[in-house]
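Notes for the one structure printed next.
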Amino acid sequence: MERVYNFSAGPACLPIEVLKQAQDDFISYGNSGMNVMEMSHRSKEYQDIIDTAEADLRDLMNIPDNYSVLFLQGGASLQFAMVPLNLMTKYKKAHFVKTGQWAKKAIEQAKKFGEANVVASSEDKTFSYIPQLNADMFTPDADYVHITSNNTIYGTRFTKLPPVGDLPLVSDMSSCILSEEINVADYALIYAGAQKNIGPAGVTIVIIRNDLIGHAPDSVPTMLNYKTYADNGSMFNTPPTYAIYIAGLVFKHLKKLGGVGEMEKINKEKAAMLYEFIDNSPLFQATVEPKYRSLMNVPFITGSEELDKEFVAGAKKAGLVNLKGHRSVGGMRASIYNAMPESGVRELIAYMAKFEAEHK
Ligand SMILES: *Cc1c(COP(=O)(O)O)cnc(C)c1O
């Protein structure tokens, strides 16, 4: 079977170079005589793998020294609870911008531990935009502000920072981490499940400013306390060793490509090509206002559920898979993360043009 172009929102495609490297290493990693999966996490070989992965991520994102990089499990969904457990310590309150299903889930979890104050929402228009935010929404009587930088399901993204003043800013970057350059110091905590833009499911990355570590109440379980991970190099217990190894390969691959700046350029080209085609199409429409459009997830519709269905089925036959939109939005969604090559986007556009011509 030939490889397909996989537009899945996650788990998503990985760079072919990374898969080939993993294949080369499969039976014996280096001189170890074993697969990374079979290796003790306490071995020198594995320590090198996790240390190199962290160093490469720090390099790629220019992570300042006063931030820790943690490798966790439980997905971004566990962070919805871990963030309030560790950070809602003084006011027992946090501000949220409600921009989609994932933001909603973060809010639901935070409510279990304190007050989750929604400062703004775009729910009135099916989350098709990012609400206008101003400084007086972010009253200082909160422990932090939470945003979802890229809304995977609806295809919107924050293009500027919310005016949070001195409040710590927390962002769920699961579907946009490493897709464009950001200034880590603008954030107090960044988290991301790996399976969209980093690697396989099973590892979640947390980048946290060190002064926010160590304030969790004693009642917080050891495994839900960031301090446990920070003090033990993410190896208090067995980390998701293989997922971290693949993430490390992805980081190396990205560095070889020229880093996040170069990736951002390519991502902007890919997204621009696709949006431009949709905007000029008599058949397809984008569902998001231009200024809020995601570079990673591109939802679009024909306006007819039947045609949408036919489109998705035909695309699959043409080797363009997982284009069905999220069940809450319908239509189509093309997820074009870092690992989706430009050729995949071109093929998608060619198929769309053909479909359009056949349905005039
Ligand atoms: C996919 C996704 C999640 C959920 O991630 P899990 O790792 O499955 O818990 C959370 N937030 C965003 C923005 C996502 O795209």
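The values are calculated or read from the model by the stated rules, or taken from the named source; none is laboratory data. Values in this document were obtained by computation on a predicted structure and should not be read as measured data. All Cβ positions, glycine included, derive from the backbone under ideal geometry; neighbour counts span all protein chains shown.
Could you list all residues from the stretch 129-158 that are in a loop (DSSP other than H, G, I, E, B), of a type in the set (S, T, Y) and within 16 Å of the ligand (Cβ to nearest atom)?
Answer for the stretch 129-158, where residues must be in a loop (DSSP other than H, G, I, E, B), of a type in the set (S, T, Y) and within 16 Å of the ligand (Cβ to nearest atom): S149, T152, Y154.
Of the residues that sit in the stretch 327-360 and are charged (D, E, K, R) and at pLDDT 95 or above, which one is nearest to V4 (Cα to Cα)?
Restricting to residues being charged (D, E, K, R) and at pLDDT 95 or above, the top hit is E347.
For the condition in the same structural domain as D59 (by the TED database), in contact (Cβ under 8 Å) with a residue 60 or more places away in the chain and in contact with a Cys (Cβ under 7 Å, 6 or more places away or on another chain), what is the one hit in R209, R157? Working first, answer last.
Values: R209 fails: in contact with a Cys (Cβ under 7 Å, 6 or more places away or on another chain).
Answer to the check: R157.
Among what's in the stretch 216-233 and is out of contact with any helix residue (DSSP H, G or I) (no Cβ under 7 Å at 6 or more places or on another chain) and surrounded by 15 or more Cβ atoms within 10 Å (Cβ to Cβ), pick the residue that is nearest to L85 (Cα to Cα).
The extreme case among them is K227.
Can you name the residue in the stretch 149-167 that is crowded, with 19+ Cβ neighbours inside 10 Å and among the small types (G, A, S) and is also nearest to T89 (Cα to Cα) among such residues?
Going through the qualifying residues, I end up with S149.
So how many residues does the stretch 148-197 have that are touching an Asp or Glu at 6+ places or on another chain (Cβ under 6 Å) and either farther than 24 Å from A243 by Cα or among the polar types (S, T, N, Q) (or both)?
Total satisfying the criteria: 2.
Tell me which residues, restricted to the stretch 55-68, are under 18 Å from the mean Cα position of the chain (by Cα) and either buried (at least 21 other Cβ atoms within 10 Å of the Cβ) or not assigned by the TED database to the domain that holds Y144 (or both).
L57, M61
Evaluate the stretch 73-84: report whether one residue or more is within 16 Å of the ligand (Cβ to nearest atom), over 27 Å from N237 (Cα atoms) and either out of contact with any strand residue (DSSP E or B) (no Cβ under 7 Å at 6 or more places or on another chain) or in the same structural domain as L189 (by the TED database) (or both). Let's see the steps before the verdict.
Going residue by residue through the stretch 73-84, those that are within 16 Å of the ligand (Cβ to nearest atom) are 73-84.
Now restrict to residues that are over 27 Å from N237 (Cα atoms): none.
The answer is no; no qualifying residue exists.
For every residue, the table says whether it meets (1) over 30 Å from I301 (Cα atoms); (2) free of Cβ contacts under 8 Å to residues at least 60 places away in the same chain; (3) among the hydrophobic types (A, V, I, L, M, F, W, C); (4) part of a loop (DSSP other than H, G, I, E, B).
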| site | (1), (2), (3), (4) |
| --- | --- |
| D166 | yes, yes, no, yes |
| A243 | yes, yes, yes, no |
| I266 | no, no, yes, no |
| M273 | no, no, yes, no |
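Would you check if L60 is free of Cβ contacts under 8 Å to residues at least 24 places away in the same chain, more than 16 Å from the ligand (Cβ to nearest atom) and assigned to a helix (DSSP H, G or I)?
Considered against the rule, which asks whether it is free of Cβ contacts under 8 Å to residues at least 24 places away in the same chain, more than 16 Å from the ligand (Cβ to nearest atom) and assigned to a helix (DSSP H, G or I), L60 comes out as no.
Looking at G155, is it on the phi > 0 side of the Ramachandran plot, of a type outside the set (F, W, Y) and more than 19 Å from the chain's Cα centre (by Cα)?
No.
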